[in-house]
Amino acid sequence: MCPMRLCGSKTKLFLIALAFTACQSTLKPTKIDRLALVTRNNVVVEQPDTLASLSVGNGEFAFTTDVTGLQTFYKEYENGVTLGTQSNWGWHTFPNTENYQVMESAKYSDYRGRKVPYLAQFSGDGRDAKAADYFRENPQRLQLGVIRLLLKKADGTEVKLADIESPKQLLNLWEGRISSEFSVEGQPVKVEVFCHQQKDMVSAKISSPLIEKGQLKVEWIFPYAVPVNTHSGYDFASIDKHVSKLEKLDDTSAKILRTLDNDHYQVKLNWEGQAVLDETEKHHFVLSAKSGTISFSCLFSPEEKPEALPTFAETEKNNIESWKNLWETSGMVDFSECTDPRAKELERRFVLSQYLTKIQNSGSLPPQETGLVYNSWYGKAHLEMHWWHSAHFANWGHPEVLDKQLEWYHIIYQKALETAQLQGFKGIRWPKMVGPEGQNSPSGVGSYLIWQQPHIIYMAEQLYRSNPSAEILNKYKDLIFATADFMADFAVPDSTGKVYNLLPPLIPAQEHWKRETTMNPPFELAYWHWALGVAQEWHKRLNQPVDAHWSDVMNGLPAPDQENGVYLGIAKASDSYTNPKAITDHPMVTGTVGMLPMWDKVDPEVMCNTLKKVMSNWDWLTTWGWDYPMVAMCATRLNEPEIALEALLKNVQKNTYLKTGHNYQSQRLRIYLPGNGGFLKTIALMCAGWEGCSVENPGFPKDGKWNVKWEGLTKDF
């Protein structure tokens, strides 16, 4: 129950002390049978299901398979979970034949008496609209190629998906192995697939009597790039717009050199035994063998690699060792002794989310929302989603992933600095929708968002808490301080000079509010306060004087606006819960306490009322996959564990977790990794708590049904 229900008429100060002060969990480490826990959540697919694609990967590269274990039926899966082969380095840019300049897509808004440019989108077909479209579409992430079984029946016709008999596919999570077995006209086929954990390489072993009969071969097909927002990424029609050049190296290896406009990459192949690789038509290459087994390794690389590739057996060993190490060093939660029927689903979701975020999200770039499977928003990352993709890694024992990804912010620092300078702000303004080069994509919404700005401070602070060293402080101090400079400069003093407001043009995280009139959204106010306070702590840790202006802004931010005992979506929005449009999209007001610790300008009782208002009034069909974890985190910090569970497992389409563990949103977004990352962040909070609170497993009811055991988790802020 909320603190005010526990304490009746106790003072606000006592409520805060009771519910939100430093929380040191008293749970003692419990030995968990990690192998048993992980493997009881292995994924088994026993019929063709285009939403049950399985992937192997290493965070930088992933390969997604159909029920045959390769990408045999890529066309049939295009409207399900697409069979992708993607990497963090594989991008394509269409030639800028019209010499568009990014500032041609700028619109100007009034801000503090000056005209500020924002990269926006335009209607019509004028040059400004075409320039905006070009920089939004480019670069786009590449589908690097299809690797499929070329299967034929005895009469020579190609096998269709409906011809696959008795399929059984297993994702062995502990080993990172996909094993697939099926029959064609009564003839068995077995396929095993791995992704090397240090190389962007797929290794496969295929066994079947159909190989010797010439009815089973392996085919590589290479597509052209596609400049479409959400798309499988395959363009097999434009065969004359790109080049695939085969070079045979020796009897067991070859390379295929790929050229798409000004972009290049290499595909290198090694195979075992007597087999031949031939080009059968443009961009099609077929590996044929005479024995009953085909084993190959296929490396994708941005440049030529002269060294020999690991064999299938070596890649198998690499995976068994790497995945065992990951599962043994990650945080782990055991729900097996819980009697509440919801516990089993929580365990399934967290285990599969750990696997998926490892293979899709743990690379050197902030991930795209559909990972390394298929393109959404042209394959670009959304930096406001970086928190949801990656903030859980530190809580689950892998801060090194954050360290790897935050290094990228140094790469785009100059562009962020130029944006701030162009707009007349101090410090650096981080972009929203970006490719690897860090260029913000024109958008009528994204260019006006601000809630991604403090993320770098949040995640760098996580790194410091996991390794409180001068090394971390010196590595990220420039990013932290420049970010804080922008945040402090963005806040506008009122006529007294003591109150600082967040003023338009801005779009808050609940994006439906108008950029021209939005001011002081509650989550952004709380995040500004928290992040500026952390930045000051970095000054102190480095024995530097604090920044007086940061302190003025931090202390001068107003409390979130409230009315009738609940917090409003933005300041002065009295219709926050009555206007049907105001209760759509992200219920971001709940992030004010949940994603963040309690701010002393937030009233716990009002926040409790707000949580319950959201639960009863919100249009849940319009929410997104990370909204349910966000609301659950709010409920956990407000001592409402039953509401936390209700929110986390809410029965609504966008909170669907497929057989594979992917968070399904809609036909457009069949997978959505911010939901998986948010789920992990929430489970860590529900188990380990946050700094302060003497409650064990604070996110679970104390009704005797939740004997939750965990180890290796760290508490939140």
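The table that follows gives values for the structure above.
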| item | result |
| --- | --- |
| Of all residues in segment 84-98 being among the polar types (S, T, N, Q) and over 17 Å from Lys241 (Cβ atoms), the one that is surrounded by the fewest Cβ atoms within 10 Å (Cβ to Cβ) | Asn88 |
| Which listed residue, of Leu210, Leu171, is hydrophobic (A, V, I, L, M, F, W, C), under 22 Å from Pro48 (Cβ atoms) and not in a strand (DSSP E or B) | Leu210 |
| From Ser297, Ser291, Ser301, Ser336, residue being of a type in the set (Ser, Thr, Tyr) and crowded, with 21+ Cβ neighbours inside 10 Å | Ser297 |
| Segment 663-686 residues that are over 21 Å from Thr82 (Cα atoms) and charged (D, E, K, R), paired with ones that are at pLDDT 95 or above and in a loop (DSSP other than H, G, I, E, B) (beta carbon under 6 Å, 6 or more apart) | Lys681/Ala391 |
| Residues of segment 131-156 classified as of a type outside the set (A, V, I, L, M) and within 15 Å of Val184 (Cα to Cα), total | 4 |
| Whichever residue in segment 52-94 is aliphatic (A, V, I, L, M) and part of a strand (DSSP E or B) and, among such residues, is nearest to Leu365 (Cα to Cα) | Ala62 |
| Positions within segment 268-317 being of a type in the set (A, V, I, L, M) and under 22 Å from Ile211 (Cβ atoms), in sequence order | Leu269, Ala275, Val276, Leu277, Val286, Leu287, Ala289, Ile294, Leu309, Ala313 |
| Some residue of segment 231-241 being in contact with a Cys (Cβ under 8 Å, 6 or more places away or on another chain) and buried (at least 19 other Cβ atoms within 10 Å of the Cβ) | no |
| Whichever residue in segment 428-487 is of a type in the set (Val, Ile, Thr) and in contact with a strand residue (DSSP E or B) (Cβ under 9 Å, 6 or more places away or on another chain) and, among such residues, is surrounded by the fewest Cβ atoms within 10 Å (Cβ to Cβ) | Val445 |
| Some residue of segment 576-589 being of a type in the set (Ser, Thr, Tyr), surrounded by fewer than 23 Cβ atoms within 10 Å (Cβ to Cβ), within 25 Å of the chain's Cα centre (by Cα) and over 26 Å from Ala688 (Cβ atoms) | yes |
| Unique residue being crowded, with 24+ Cβ neighbours inside 10 Å and either without any contact (Cβ under 8 Å) to a residue 24 or more places away in the chain or under 25 Å from the mean Cα position of the chain (by Cα) (or both) when the list is Ser55, Ser123, Ser105 | Ser55 |
| Residue match in segment 390-400 (condition: of a type in the set (Ser, Thr, Tyr), within 22 Å of Ala688 (Cβ to Cβ), touching a residue at least 60 places away in the same chain (Cβ under 8 Å) and not assigned by TED's automatic domain parsing to the domain that holds Glu192) | yes |
| Filtered residue count, segment 126-155, keeping only those that are assigned to a loop (DSSP other than H, G, I, E, B), over 31 Å from the mean Cα position of the chain (by Cα) and closer than 30 Å to Val218 by Cβ | 3 |
| Residue that is surrounded by the most Cβ atoms within 10 Å (Cβ to Cβ) [pool: residues in segment 373-425 that are charged (D, E, K, R) and within 15 Å of Gly438 (Cα to Cα)] | Lys380 |
| Qualifying positions in segment 490-500 - surrounded by fewer than 18 Cβ atoms within 10 Å (Cβ to Cβ) and either under 20 Å from Gln423 (Cα atoms) or touching a Leu at 6+ places or on another chain (Cβ under 7 Å) (or both) | Val492, Pro493 |
| Residue tally, condition in contact with a helix residue (DSSP H, G or I) (Cβ under 7 Å, 6 or more places away or on another chain) and aliphatic (A, V, I, L, M), over segment 290-323 | 1 |
| Among residues of segment 229-285, those that are closer than 21 Å to Ser297 by Cα and in contact with a helix residue (DSSP H, G or I) (Cβ under 8 Å, 6 or more places away or on another chain), counted | 1 |
| Positions within segment 213-255 being touching a residue at least 40 places away in the same chain (Cβ under 8 Å), part of a strand (DSSP E or B) and under 30 Å from Phe182 (Cβ atoms), in sequence order | Leu216, Lys217, Val218, Glu219, Trp220, Ile221, His231, Ser244, Ser253 |
| Which listed residue is under 27 Å from Leu144 (Cα atoms) and in contact with a Ser or Thr (Cβ under 6 Å, 6 or more places away or on another chain), from Ser362, Ser353, Ser301, Ser297 | Ser297 |
| The one condition in (1) farther than 30 Å from Phe285 by Cβ; (2) at pLDDT 95 or above that Phe94 fails to fulfil | (1) |
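Rundown of residues vs (1) among the aromatic types (Phe, Trp, Tyr); (2) within 30 Å of Ser330 (Cα to Cα), yes/no style:
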{"position": "Met459", "(1), (2)": "no, yes"}
{"position": "Leu473", "(1), (2)": "no, yes"}
{"position": "Phe481", "(1), (2)": "yes, no"}
{"position": "Leu506", "(1), (2)": "no, no"}
{"position": "Ala509", "(1), (2)": "no, no"}
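Per-residue answers, yes or no, for (1) under 25 Å from Asn79 (Cβ atoms); (2) touching a Lys or Arg at 6+ places or on another chain (Cβ under 7 Å):
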{"residue": "Met607", "(1), (2)": "no, no"}
{"residue": "Leu611", "(1), (2)": "no, no"}
{"residue": "Thr623", "(1), (2)": "yes, yes"}
{"residue": "Cys634", "(1), (2)": "no, no"}
{"residue": "Leu648", "(1), (2)": "no, no"}
{"residue": "Asn663", "(1), (2)": "yes, no"}
{"residue": "Arg668", "(1), (2)": "yes, no"}
{"residue": "Phe679", "(1), (2)": "no, yes"}
{"residue": "Glu691", "(1), (2)": "no, yes"}
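For every residue, the table says whether it meets (1) free of Cβ contacts under 8 Å to residues at least 24 places away in the same chain; (2) of a type in the set (A, V, I, L, M, F, W, C).
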| site | (1), (2) |
| --- | --- |
| Leu463 | no, yes |
| Ser466 | no, no |
| Ser469 | yes, no |
| Asn501 | no, no |
| His512 | no, no |
| Tyr527 | no, no |
| Ala535 | no, yes |
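For every residue, the table says whether it meets (1) out of contact with any His (no Cβ under 8 Å at 6 or more places or on another chain); (2) basic (Lys, Arg); (3) in a helix (DSSP H, G or I).
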{"position": "Pro597", "(1), (2), (3)": "yes, no, no"}
{"position": "Val602", "(1), (2), (3)": "yes, no, no"}
{"position": "Glu605", "(1), (2), (3)": "yes, no, yes"}
{"position": "Met615", "(1), (2), (3)": "yes, no, yes"}
{"position": "Trp624", "(1), (2), (3)": "no, no, no"}
{"position": "Cys634", "(1), (2), (3)": "yes, no, yes"}
{"position": "Asn639", "(1), (2), (3)": "yes, no, no"}
{"position": "Glu642", "(1), (2), (3)": "yes, no, yes"}
{"position": "Leu645", "(1), (2), (3)": "yes, no, yes"}
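The values are calculated or read from the model by the stated rules, or taken from the named source; none is laboratory data. Quantities reported herein were computed from a predicted structural model and do not represent experimental measurements. As a convention, Cβ positions derive from the backbone with ideal geometry for all residues, glycine included, and neighbour counts pool all protein chains shown.
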